[in-house]
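*Asks:* The structure is given below, and queries will be raised subsequently.
The values are calculated or read from the model by the stated rules, or taken from the named source; none is laboratory data. Note that the structure is a prediction, hence the values are computed from the model and not measured. Positions of Cβ are generated from backbone atoms using ideal geometry, with glycine treated the same way; all protein chains shown enter the neighbour counts. Heavy atoms of the whole protein, side chains included, go into the accessibility calculation; ligands, DNA and RNA do not. Shrake-Rupley method; radii C 1.70, N 1.55, O 1.52, S 1.80 Å.
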Amino acid sequence: MNEWVTRPLSTLADVRVSNVDKKSLPGEKPVLLCNYMDAYANDYIRSDIAFMEATASAAEIAKFKVDVGDVVVTKDSETPDDIGIPAVVTEQIDNLVCGYHLALLKTRKEFVDPVFLCKQLGSHEAARYFGQRAAGSTRYGLSNGALANFPVSLPGLPKQRRIATILTGIDTAIEKTEALIAKYQQIKAGLMHDLFTRGVQPNGQLRPPREQAPELYQETAIGWIPREWSESDCSIEFAIESGITLGQHRRPSKRPRAYLRVANVHRDELRLEDLAYLEVLPNESVPTLQEFDLLIVEGHANRAEIGRCAMVTAEASGLLFQNHLFRLRPHRLNHFYALDWLNSHYAMRHWETMCSTSSGLNTINRRMLGRMFVAVPSPDEQVLIAQKALGAKKRLGLELQKLHKLRSQKRGLMHDLLTGKVPVKVEEPKVVDG
């Protein structure tokens, strides 16, 4: 890093803290407003963002007009972790003004590349700096001085631009992969809806829609399903078990055992990277997990995440599970069909109507779970449905793995490139003989 220097942010950009609110007032000029979430949710500020319409005074427009090459930074938030999140403006957008709770950085391009500066502000080191200096108790904010004095490490402009190009390239790959994932998620959702409303015939094809062949369907409490299917509920189809209640006596000491919690159980996926541990008492009988068990989330702040279900893998066999999870073991249902049903649109609709809220946490209980409707096809059709669903899951899973790999690569690149740990070569301009 011998060619790198460290300079305060105020020497690389004009720092302007916006006071433009969301109101539309008579006598002011109509503008597009770049708001907190526009900066928080995007690495790049572009014209495809749906900006809010508002008004601003002539003085506000003159001071806070957003131009290509500017960087916007979140200045206030409800948590210190969301302070100092940057986004760089890569397109000139007519009439765009920086809104309240943001700082607008007018970069001095003779000293710093805007994308490079944005990436430095988004680094782990910057997050630590901003988190330590965020003031507040219920709402946190950065002082103008804390922003202005942020130490920016940077090499010469050619290397800044090269680093910016590399990081922009991996961001583009991430965006394309995220777009593919969104597409495959829509395809999978459509397929799952068809599978649970029309089923699969022995020839591997979906039944004709009810509009074309009403005689193939029956009406139930949850809507129309194939006539051959029987009606049941979770209390009949599963053995349901609650997990271990935590407490002071469970602090791991002499007999620690790994257990799964809500953070480990996602829809259709167990994540075992971050296991927690609890104490098992002498001669205590505790419920353990077996491969192919199903785990359902009992409580979550996000209503849409209630009841999400994952299957226990071989790696998780033998682990314990906490009381905010339910373990389900099918009596006669195919395990994979049961997993798909418990994550289906029917199940999600059931939880939307049944779950209760306490102190901001949406919860379900064993009685609610037991009352959930379950459609039961023949064993052979259950297998066919699960196989059809598996094909869509695999395609989606490959893209999710790719996204995870790209994000991991980005973290590594940001650390290596933005600290000078890995040197960057800049091609010399070719000299053409006259």
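*Asks:* Tally up the residues in segment 62-79 that are in a strand (DSSP E or B), closer than 14 Å to Cys34 by Cα, touching a residue at least 60 places away in the same chain (Cβ under 8 Å) and charged (D, E, K, R), please.
*Replies:* Within segment 62-79, residues that are in a strand (DSSP E or B), closer than 14 Å to Cys34 by Cα, touching a residue at least 60 places away in the same chain (Cβ under 8 Å) and charged (D, E, K, R) number 0.
*Asks:* Using the structure shown, decide if Ala103 is without any contact (Cβ under 8 Å) to a residue 12 or more places away in the chain and more than 24 Å from the chain's Cα centre (by Cα).
*Replies:* Here the answer is no, as Ala103 does not meet what is asked.
*Asks:* Please enumerate the residues belonging to segment 313-352 that are part of a loop (DSSP other than H, G, I, E, B) and closer than 15 Å to Ser242 by Cα.
*Replies:* Matches in segment 313-352: Leu319, Asn323, His324.
*Asks:* Among the numbered conditions (1) touching a Leu at 6+ places or on another chain (Cβ under 7 Å); (2) open to solvent by 50 Å² or more (accessible area, probe 1.4 Å); (3) hydrophobic (A, V, I, L, M, F, W, C), tell me where Ala314 comes up short.
*Replies:* (1)
*Asks:* Right, another one. Any chance you could count how many residues in segment 132-164 are in contact (Cβ under 8 Å) with a residue 24 or more places away in the chain, part of a helix (DSSP H, G or I), under 17 Å from Pro86 (Cα atoms) and open to solvent by 30 Å² or more (accessible area, probe 1.4 Å)?
*Replies:* 1
*Asks:* What are the residues in segment 242-260 that are touching an Asp or Glu at 6+ places or on another chain (Cβ under 9 Å), of a type outside the set (Ser, Thr, Tyr) and within 25 Å of Arg371 (Cα to Cα), if any?
*Replies:* If the condition is that a residue be touching an Asp or Glu at 6+ places or on another chain (Cβ under 9 Å), of a type outside the set (Ser, Thr, Tyr) and within 25 Å of Arg371 (Cα to Cα), then Gly243 is the only one that fits.
*Asks:* Answer yes if at least one residue in segment 190-198 is charged (D, E, K, R), at pLDDT below 95, surrounded by 16 or more Cβ atoms within 10 Å (Cβ to Cβ) and touching a helix residue (DSSP H, G or I) at 6+ places or on another chain (Cβ under 9 Å), and no otherwise.
*Replies:* no
Residue by residue, here is whether (1) under 30 Å from Val424 (Cα atoms); (2) of a type outside the set (Phe, Trp, Tyr); (3) free of Cβ contacts under 8 Å to residues at least 12 places away in the same chain holds:
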| residue | (1), (2), (3) |
| --- | --- |
| Leu12 | yes, yes, no |
| Arg16 | no, yes, no |
| Ser24 | no, yes, no |
| Glu28 | no, yes, no |
| Tyr36 | no, no, no |
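*Asks:* Same structure again: Mind checking which residues of segment 376-432 are among the polar types (S, T, N, Q) and either within 30 Å of Trp4 (Cβ to Cβ) or modelled with pLDDT of 95 or more (or both)?
*Replies:* Within segment 376-432, Ser378, Gln382, Gln387, Ser408, Gln409, Thr419 meet the criteria.
Conditions tested, residue by residue: (1) touching a strand residue (DSSP E or B) at 6+ places or on another chain (Cβ under 9 Å); (2) at pLDDT below 95.
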site: Asn19; (1), (2): no, yes
site: Lys22; (1), (2): yes, yes
site: Glu28; (1), (2): yes, yes
site: Leu33; (1), (2): yes, no
site: Tyr36; (1), (2): yes, yes
site: Val66; (1), (2): yes, no
site: Val71; (1), (2): yes, no
site: Glu78; (1), (2): yes, yes
site: Ile83; (1), (2): yes, yes
